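Trainee: Sharing a structure below in structure tokens format, with a few things to ask.
The values are calculated or read from the model by the stated rules, or taken from the named source; none is laboratory data. Computed from a prediction, not measured in an experiment: that's the story for all the values here. So basically every Cβ, Gly included, is an ideal-geometry build from the backbone, and we count neighbours across all protein chains shown. Side chains included, ligands, DNA and RNA excluded: accessible areas come from the protein's heavy atoms. Shrake-Rupley method; radii C 1.70, N 1.55, O 1.52, S 1.80 Å.
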Amino acid sequence: NEKQELFKQESEKVTLALSSQSMLQSKKYNFISSSNILPLFFKTIWSSLLSFLSTSVVECNDLVLLSRLAETTVSTILLCDKFDMNTERDSFVNLLIQFSGLELGKGKLLDDKNRRFIKEIISIGESMGSHLNSAWRPVLSCLFILMRFFRISEKLRNKKSAEQSSVALSIEEQNAVMIFDNFECERIDRIFLDTKLLSEDSLLSFFKGLCDVSIYDIERQSQYFDLTLEKLIVVVQVNANRNPLEWIRVWEILS
């Protein structure tokens, strides 16, 4: 609509001014003494920042620089949550997921770049549970994909066929081996156990995301749907001692 178009035009003007060569060369910066202006400033530049990070990750082959880009994305997620920018927060979470390659795990061989972003997805699940809210749904989806890879790698190890080379493995199996070699399943398990530390609203968001993933797996008849149901039981168990009033809201989702 007209309001959105005007906002977009103003955003482009501010972004152009901030990135002008004269400003960069003069190195003259203004110190902001009040934090009240920061939300407005960030709402103006977030889309440009998202575009910058996305383009930079695509073009970057330096793993050190790539780590900085991934860390910047995570910091931006926290900033979005601080300013109650839910849609924007979800956009940066989806950026992590996009470059993790997990959603393309069956058709694409995961590489070092994907591995770096997978690390950040696990990290935000561990340390940012109170800040994800609706973004729990895509994060949980990725965590379950990782657990499926762990299960596949376990089946491969149980075959005990030492003569089997990586060439004989499918792309999905090679990805499973890579995940097993670089990540610990216990870290993912801990995310579900630590839901007992979440606030009531954060727990409700977690349950909503968990139920959505479970329903999706059941509807498409996934052979791994038992993983989501198993974790659903685990989360219920570790949160069983919560206030009964909280459980009224939880049960509205579970039922």
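Trainee: Using beta carbons and a limit of 8 Å, which pairs, at least six apart or on different chains, have the first residue in the range 168-194 and more than 14 Å from Lys119 (Cβ to Cβ) and among the basic types (Lys, Arg) and the second one open to solvent by 50 Å² or more (accessible area, probe 1.4 Å) and part of a helix (DSSP H, G or I)?
Mentor: Arg190/Glu126
Trainee: If you go through the range 107-121 one residue at a time, do you hit one that is open to solvent by less than 40 Å² (accessible area, probe 1.4 Å), farther than 19 Å from Gln223 by Cα, of a type outside the set (Gly, Ala, Ser) and without any contact (Cβ under 8 Å) to a residue 24 or more places away in the chain?
Mentor: There is at least one residue in the range 107-121 that is open to solvent by less than 40 Å² (accessible area, probe 1.4 Å), farther than 19 Å from Gln223 by Cα, of a type outside the set (Gly, Ala, Ser) and without any contact (Cβ under 8 Å) to a residue 24 or more places away in the chain.
Trainee: Taking the criterion of being under 30 Å from Ser170 (Cβ atoms) and open to solvent by 70 Å² or more (accessible area, probe 1.4 Å), would at least one residue in the range 38-45 satisfy it?
Mentor: Within the range 38-45, not a single residue is under 30 Å from Ser170 (Cβ atoms) and open to solvent by 70 Å² or more (accessible area, probe 1.4 Å).
Trainee: Which residues, taken from the range 63-80, are in contact with a helix residue (DSSP H, G or I) (Cβ under 9 Å, 6 or more places away or on another chain), open to solvent by 30 Å² or more (accessible area, probe 1.4 Å) and not aliphatic (A, V, I, L, M)?
Mentor: If the condition is that a residue be in contact with a helix residue (DSSP H, G or I) (Cβ under 9 Å, 6 or more places away or on another chain), open to solvent by 30 Å² or more (accessible area, probe 1.4 Å) and not aliphatic (A, V, I, L, M), then Glu71, Thr72 are the ones that fit.
Trainee: Further, regarding this structure: Please give the helices (runs of 4 or more DSSP H) falling wholly within the range 197-255 in which 2 or more residues are closer than 15 Å to Leu143 by Cα and touching a residue at least 12 places away in the same chain (Cβ under 8 Å).
Mentor: Result: 200-219, 225-238.
Trainee: Further, regarding this structure: Might you check whether a residue that is open to solvent by 70 Å² or more (accessible area, probe 1.4 Å) and polar (S, T, N, Q) occurs anywhere in the range 185-207?
Mentor: Within the range 185-207, not a single residue is open to solvent by 70 Å² or more (accessible area, probe 1.4 Å) and polar (S, T, N, Q).
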